[in-house]
1. Helix 104-120 versus the longest principal axis of the chain: what angle, 0 to 90°, nearest 10, using Cα atoms?
2. In whole percent, how big is the carbon plus sulfur part of the accessible area of the chain, probe 1.4 Å, protein atoms only?
3. How much accessible area per residue does region 199-338 have, in Å², with a 1.4 Å probe?
4. Quick check on the chain: of the DSSP beta bridges with both residues there, what percent are antiparallel, nearest 5%?
5. Any chance you could look up the accessible area of residue 64 with a 1.4 Å probe, heavy atoms only, rounded to 10 Å²?
6. Give the long-range amide H neighbours of residue 231: residues separated by 5 or more places, or on another chain, with amide H under 5 Å away, using H modelled in the peptide plane at 1.01 Å from N.
7. Under the rule a/c < 1.5 gives rounded, and otherwise a/b versus b/c splits prolate from oblate, where does region 247-338 land using the Cα gyration tensor?
8. To the nearest 10 degrees, how steeply does helix 17-34 sit against the main Cα axis of the chain, on a 0 to 90 scale?
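The values are calculated or read from the model by the stated rules, or taken from the named source; none is laboratory data. In this text the structure is predicted, and so the values were computed from the model without any measurement. Positions of Cβ are backbone-derived with ideal geometry, glycine not excepted, and every protein chain shown enters the neighbour counts. What goes into the accessible areas is simple: the full protein's heavy atoms, side chains included, and nothing from ligands, DNA or RNA. Shrake-Rupley method; radii C 1.70, N 1.55, O 1.52, S 1.80 Å.
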Amino acid sequence: VLIDVDRFRIINQDLGPEKASAVLAAVARRLERVGRPSDTVAHLEGDAFGCLIDGVLDERDAYDFARRVNQALGEPIRIDTQDIEIKISITIGIAIGNRLASSGGDLVRDASIALSRAKDDPGTKVAIFDSVMQNTTLTRYRLDTRLRQAIRRKELRLAYQPIVEIESFRVAGCEGLARWGREGVDAVTPTIFVEVAEQSDLIVPLGRLALESAARELTTWIEHNPDIFVTVNISPRQFDEHDLVKDLKNVIEDFSLPRESLHLEITESTVVENPEKVAEALAELKRLGVRICIDDFGTGYSSLHLLQAMPYDVLKIDRSFISTLDSSPRSQIIVETL
């Protein structure tokens, strides 16, 4: 059984590391009380705990254990003499040992997959690894291998969505969107292969390939329209795990591009998750001369204060507001105000 404390990062930010550690210690004590003497309970890392439970015969036993864990952690946690009480919620992933998953490593892997599934499905707090997840995992492994080869062979391409000025109907620029395969023949949808890339080490080379493809197209377009630009989507992991500024410098120099012709797009959720780090990275990119776009604004934990601190050039209001402009006066007011 893998147990994850939901939104623990916010607890850590609000209360500080010392009180957050006290919350984890309280969770550990309560989990120990749920387990029997023959069970093993461990703090794995960060906000993650693991339980090895003997004698679970079927899913009913597993769900019963999950129910007792939820019950034990349902009461608020008091962490010091100041009467601060913290109400937490948890997500649970479970794998039951069988002929196909008999080793410790197999069980941890399967429980981790179940935990991810529970987090992905709204309203689901407990998931047990099953044959559907097993088939999905095998498919994902095969897709990972194929995607790795496709990136190495530069088989992915960009499809360009025009960005139009409403007043003049002039095409001002384009957004480059990664595509794999021929449309309608052997195409893999972007939502699937981008997710696979995000969960592996492939998102950085995929992002670099997208930048290079956009730069190559731009060199031709700029000859006919010096003001045109291309927007490229950037993953949060390109900030965390890679020198994005170095990649951009190389692309701009290799293709002799005007720096303002490249726009980088990040989602609002990326900004919200790690505002200080993202603000620092964006400031460095701005010094390089590229423009910054924030996408999906209004869908996450939108903060005008965050926007004030971010060095952005373009704010892309989420389509859920735009699509109801004709029918909802409230949407119109919100969009106009933003």
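1. Tilt relative to the chain: about 60 degrees.
2. On the way: 9890 of 19570 Å².
Carbon with sulfur: 51 percent of the solvent-accessible area.
3. Details: 7540 Å² over 140 residues.
Accessible area per residue, region 199-338: 54 Å².
4. Values: 23 of 42 bridges.
Among the beta bridges of the chain, antiparallel pairing accounts for roughly 55 percent.
5. Its heavy atoms expose roughly 60 Å² to the probe.
6. For residue 231, the qualifying residues are 174, 175, 176, 263.
7. Numbers: a/c = 2.99, a/b = 1.83, b/c = 1.64.
Prolate is the answer for region 247-338, as a/c is 1.5 or above and a/b outweighs b/c.
8. 40 degrees
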